[in-house]
1. Return a yes/no flag: does the range 176-186 have any residue that is within 16 Å of the chain's Cα centre (by Cα) and not basic (K, R).
2. Within the range 79-98, can you find the residues that are in contact (Cβ under 8 Å) with a residue 12 or more places away in the chain and assigned to a loop (DSSP other than H, G, I, E, B)?
3. I want to confirm something. Restricting to the range 27-75 and keeping residues that are of a type in the set (V, I, T) and more than 13 Å from the chain's Cα centre (by Cα), which single residue is farthest from N96 (Cα to Cα)?
4. Being under 21 Å from L98 (Cβ atoms) and either modelled with pLDDT of 95 or more or not aromatic (F, W, Y) (or both) narrows it down to one residue among A155, A163, A185; which is it?
5. Yes or no: the range 154-161 includes at least one residue that is out of contact with any strand residue (DSSP E or B) (no Cβ under 8 Å at 6 or more places or on another chain), assigned to a loop (DSSP other than H, G, I, E, B) and among the small types (G, A, S).
6. Has the range 45-56 got any residue that is among the polar types (S, T, N, Q), closer than 27 Å to S119 by Cβ, open to solvent by 10 Å² or more (accessible area, probe 1.4 Å) and modelled with pLDDT of 95 or more?
7. Can you give me the number of residues within the range 156-177 that are among the acidic types (D, E) and open to solvent by less than 50 Å² (accessible area, probe 1.4 Å)?
Amino acid sequence: MPVRPARLPEGYYNAALDLLDRNLEEGRGAATAVIDDAGRYSYAELTERANRFANALEGLGFQREDRLLLALLDSVDFPTVFLGAIKAGVIPIPVNTLLTAADYAGMLADSGARGLVVSEPLRGKFDLALQGRSLRAVVVSGGEGDTLQALLAKAAPQHEPAATHADDFCFWLYSSGSTGSPKGAVHLH
């Protein structure tokens, strides 16, 4: 039986609680939350992975409202990182994985992202985008240089959600750029 997660004080709201922890509270911990090429993951497993990533971010020095660019292929790592960042109060910015290095460089500069989580096959596109840029962390998902799994393995499986409000920034999405450069659109909790 899942342990009832901590609740935020009155007036606070963190979207990760509704997207993850609520499913545990309502008895869906064993239900499938994600299916990828490697297998199935329950809500309990996804919540633990997201908690571990939230703790890993804090261990890397990320603070509330820092921004984190995500260039992740379809796998359980995407919801792990996206929801873990939200739980930690860090603002994830998932980007299209089919863009150019110049697009990524523009998004890194525009967003002021302090870190990057990238799938190994996309890493080469970021070599140019990262030139001259100092990030707190570049975390790689998959392949021989997989630092994401190492971070998750070392991090604690429980995490108290950041005390965010419903009108705080939750995540950014970039437009397609059909009318010029892609524009960052901010979404609230």
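The values are calculated or read from the model by the stated rules, or taken from the named source; none is laboratory data. Remember, predicted model here, so these are calculated numbers, not experimental data. Don't worry about glycine lacking a Cβ; one is built from the backbone with ideal geometry, like all the others, and counts go over all protein chains shown. Areas reflect the complete protein model, heavy atoms only, side chains present, ligands, DNA and RNA absent. Shrake-Rupley method; radii C 1.70, N 1.55, O 1.52, S 1.80 Å.
1. Checked the range 176-186: at least one residue is within 16 Å of the chain's Cα centre (by Cα) and not basic (K, R).
2. G89, V90, V95, N96, T97
3. T32
4. After ruling out the rest, the residue left standing is A185.
5. Looking through the range 154-161, at least one residue is out of contact with any strand residue (DSSP E or B) (no Cβ under 8 Å at 6 or more places or on another chain), assigned to a loop (DSSP other than H, G, I, E, B) and among the small types (G, A, S).
6. Yes: one or more hits.
7. 1
Okay, residues lined up against (1) within 18 Å of A163 (Cα to Cα); (2) of a type in the set (A, V, I, L, M); (3) not in a strand (DSSP E or B):
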position	(1), (2), (3)
I35	no, yes, no
R40	no, no, no
E45	no, no, yes
R49	no, no, yes
N55	yes, no, yes
R64	yes, no, yes
S75	no, no, yes
